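K.L.:
My questions will all concern the structure given below.
What follows is calculated from the coordinates using simple rules that are stated; it is not laboratory data. Worth saying up front: this structure is predicted, and the values here are computed from it rather than measured. When we count neighbours, we look across all protein chains shown, and the Cβ atoms used for this are built from the backbone with ideal geometry, even at glycine.
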Amino acid sequence: MELRKDPITRSWVITGDDVIEPTPRSQACRFCGPSAELAHVIANLPGVDGSAWSARSVVHPHALYHIEGEPARRADGLYDRMGSVGAHEVLVENPRHHGHLWNASDVEVEQFLRLAALRLQDLKRDNRFKYISIFKNHGAEAGQEFEHPTSQLTATTFVPRRVLYELRAGRDYFESKERCVFCDILAQEERQNLRIVEIRGDYVAFCPYAPRVPYETWIMPRSHESSFERTGSSRVGSVTDLAALLRRTLQRIRTVTEAFHLVLHTSPNSQHPSATLGYWKTLDDDYHWHIEILPILESKARSYTFKEIYYSPVTSETAVKRLREAKI
Ligand SMILES: [Zn+2]
Ligand SMILES: [Zn+2]
Ligand SMILES: [Zn+2]
C-alpha cells in the first residue's frame with residue numbers, strides 16, 4: 001500500500017494491489033466472546049457495571065496504515081508519493097454485541113467518547129502524524145465492516161481534504177473578522193432557531209444551512225474549543241451531556257434511515273513540524289471541533305457518489321422538524 005497525491009485536487013489517496021482476505025462469515029465475533037482475547041489491544045477503559053472493560057481500542061485486523069517506519073515522501077515526476085505509515089485502529093464502542101451508541105446507556109457512550117479523546121491525545125504525541133480521523137460507517141450502504149458496534153481511527157501523515165478546506169476557511173474568516181466562523185454559525189442558529197434539533201448543556205445538534213445530504217446533522221460545543229480531546233479530558237460533567245446528545249441524535253436519525261456516516265472533525269496535530277502546511281498561530285482560535293452525521297437515504301445514495309454538486313431534496317428547515325418531532 002502507498003499514498004499518492006492527486007496533483008489537481010491536492011488530496012491523498014491510498015492505493016495498492018495487496019489483496020485483503022475477506023473475513024469468513026461463519027466466524028464468531030472477534031470483538032466479544034472468547035475470540036476478543038486474541039485482539040491486539042491498544043487501550044482499555046475500565047468496565048462500568050462489572051464488565052472487564054467498557055470501550056477499547058484494538059489494531060484493525062486489516063490495517064491500511066502501519067505504525068512502523070517513516071513516510072519517506074518523494075517525487076515521481078510531477079507526482080508525489082509516500083509510504084502508508086500511520087495507525088489504523090478499531091474503537092470497540094461497547095463490550096455488548098448489540099450495545100449500539102443509540103441504545104447504550106449514557107455512561108457507556110461517555111466511556112466511548114473518553115476512549116476517543118485518549119487515543120487522540122496519545123497519537124498526537126507522535127509528530128510523524130498530521131491528523132487523526134475518527135469515523136463510523138453504519139449500515140451496508142455506508143460500508144459497515146463489522147457487526148459489532150465499532151468506530152474506526154486512522155492517524156495519517158496528511159490532513160484529509162475536507163478538513164483542510166475547513167481549516168483554511170476558518171483561518172480566512174478569522175483573518176478578516178477576528179472571530180471563529182463556527183461560533184458565529186452557532187450564534188446565528190441559536191438566534192434564528194430554525195435548524196436546531198436539540199440543545200443539551202454545552203452542546204447543540206443542528207442541521208447545517210447548506211446540507212450535502214438530507215438530514216445531515218452536526219453536533220458542536222457551544223463554548224469555543226478547537227480540539228475534541230481537550231473537551232474530553234478537562235470539562236468534568238460535560239461529556240455526559242455530549243453522550244446523551246449523541247445518543248438521542250442517532251435515535252432521531254434512525255427514525256429516518258438505518259445507514260449513516262459519522263465523522264469527528266477536530267484540530268490537526270500542531271506538534272507536527274510542517275513547514276509547507278504552515279500551521280498558523282490562530283489555529284486554536286479559528287477552528288472549532290464538531291461531529292458530522294451524514295445519513296444515507298437509499299434512493300439518494302447513488303446520486304451522491306457521482307454528483308459534484310450536492311443535491312438535497314429535503315431542506316434543513318424541513319429536516320429539523322422531522323428530527324425534532326421524532327418519537328425517541
Ligand atoms: Zn461482538
Ligand atoms: Zn468557535
Ligand atoms: Zn467538519
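K.L.:
Remind me, relative contact order of the chain in percent, using alpha carbon pairs under 8 angstrom and six or more residues apart?
P.N.:
18
K.L.:
Lys/Arg Cβ at +1, Asp/Glu Cβ at -1, dipole of the stretch 84-217 taken about the Cα centre: which of A155, A187, G143 is farthest positive-ward?
P.N.:
With unit charges placed on the Cβ atoms, the residue in question is A155.
K.L.:
Highest GNM mean-square fluctuation, the chain, Cα pairs closer than 10 Å: which of Q192, Q121, Q251?
P.N.:
Taking springs between Cα atoms under 10 Å, the residue moving most is Q192.
K.L.:
Give me Rg/Rg_expected for the stretch 174-265, where Rg uses Cα atoms only and Rg_expected = 2.2 N^0.38 Å with N residues.
P.N.:
Relative to the 2.2 N^0.38 Å estimate, the stretch 174-265 comes out at 1.12.
K.L.:
Still on this structure: Stokes-Einstein at 10 °C, 1.306 mPa s, Kirkwood radius from Cα pairs: D for the chain in µm² s⁻¹? Present the calculation step by step, with values, prior to reporting the outcome.
P.N.:
Details: Rh = 20.8 Å.
This corresponds to a translational diffusion coefficient of 76 µm²/s.
K.L.:
Among the Cys residues of the chain, which have no other cysteine Cβ under 4.7 angstrom away?
P.N.:
Result for the chain is C29, C32, C207, no neighbouring Cys Cβ within the cutoff.
K.L.:
Answer with one residue from S316, A104, L264: the one whose Cα lies farthest towards the positive end of the charge dipole of the chain, charges on Cβ with Lys, Arg +1 and Asp, Glu -1.
P.N.:
With unit charges placed on the Cβ atoms, the residue in question is S316.
K.L.:
Taking every pair of alpha-carbon atoms in the stretch 101-152, give the share separated by more than 18 Å as a whole percent.
P.N.:
Beyond 18 Å sits 45 percent of the P(r) for the stretch 101-152.
K.L.:
OK, next. Using the structure shown, list the pairs from K136/K321; K281/K321; K5/K177; K130/K321 with a Cα-Cα distance above 29 Å, or answer none.
P.N.:
Correct reply: K281/K321; K5/K177; K130/K321.
K.L.:
Positive end of the dipole of the chain, charges at C-beta (+1 Lys, Arg; -1 Asp, Glu), about the Cα centre: which of P34, W218, W12 has its Cα farthest in that direction?
P.N.:
W218
K.L.:
Could you put K177, K281, K136 in order, starting from the residue whose Cβ has the fewest other Cβ atoms within 10 Å? All intermediate terms of the calculation are to be shown ahead of the outcome.
P.N.:
Values: K177 11, K281 8, K136 21.
Ascending number of Cβ neighbours within 10 Å: K281, K177, K136.
K.L.:
Let me ask another. Taking other Cβ within 10 Å of each residue's Cβ, how do C183, C29 sort, fewest first? Walk me through the numbers on the way to the answer.
P.N.:
Working: C183 17, C29 13.
Ranking C183, C29 by Cβ neighbours within 10 Å, fewest first, gives C29, C183.
K.L.:
Let's see if you can work this out: charge +1 on each Lys and Arg Cβ, -1 on each Asp and Glu Cβ, no other charges. What is the dipole magnitude of the stretch 134-210 about its Cα centre, in debye to the nearest 20?
P.N.:
Values: 10 positive and 12 negative charges, 43 e Å.
The dipole of the stretch 134-210 has a size of about 200 debye.
K.L.:
Mind checking the dipole of the chain: about its Cα centre, +1 per Lys or Arg Cβ, -1 per Asp or Glu Cβ, Debye to the nearest 20? Before the final figure, lay out the partial values.
P.N.:
On the way: 42 positive and 43 negative charges, 103 e Å.
It works out to roughly 500 debye.
K.L.:
Could you pull the Cα extents of the stretch 1-110 along its three principal axes, largest to smallest, in whole Å?
P.N.:
Here the Cα extents, ordered largest to smallest, are 58, 31, 25 Å.
K.L.:
Among M82, M220, which comes first, second and so on when ranked by fewest other beta-carbon atoms within 10 Å?
P.N.:
Fewest-to-most Cβ neighbours within 10 Å comes out as M82, M220.
K.L.:
Let me ask another. GNM, the chain, Cα, under 10 Å: largest mean-square fluctuation among R74, R171, R254?
P.N.:
Among R74, R171, R254, the largest GNM mean-square fluctuation belongs to R74.
K.L.:
Separate question: Can you pull the one-decimal nm distance between simple spin-label points at Q192 and R4, each 7 Å off the Cα toward Cβ?
P.N.:
Result: 4.2 nm between the two label points.
K.L.:
Further question on the same structure: Send over the Kirkwood Rh of the stretch 139-294, from the inverse of the averaged 1/r over different Cα pairs, rounded to one decimal Å.
P.N.:
16.8 Å is the Kirkwood radius here.
K.L.:
Could you check which residue among H290, H98, H60 shows the biggest mean-square fluctuation in a GNM of the chain with a 10 Å Cα cutoff?
P.N.:
Fluctuation is largest for H98.
K.L.:
Can you tell me the relative contact order of the stretch 169-231? Whole percent, Cα pairs under 8 Å, sequence separation 6 or more.
P.N.:
Dividing the mean separation by the residue count of the stretch 169-231 yields 21 percent.
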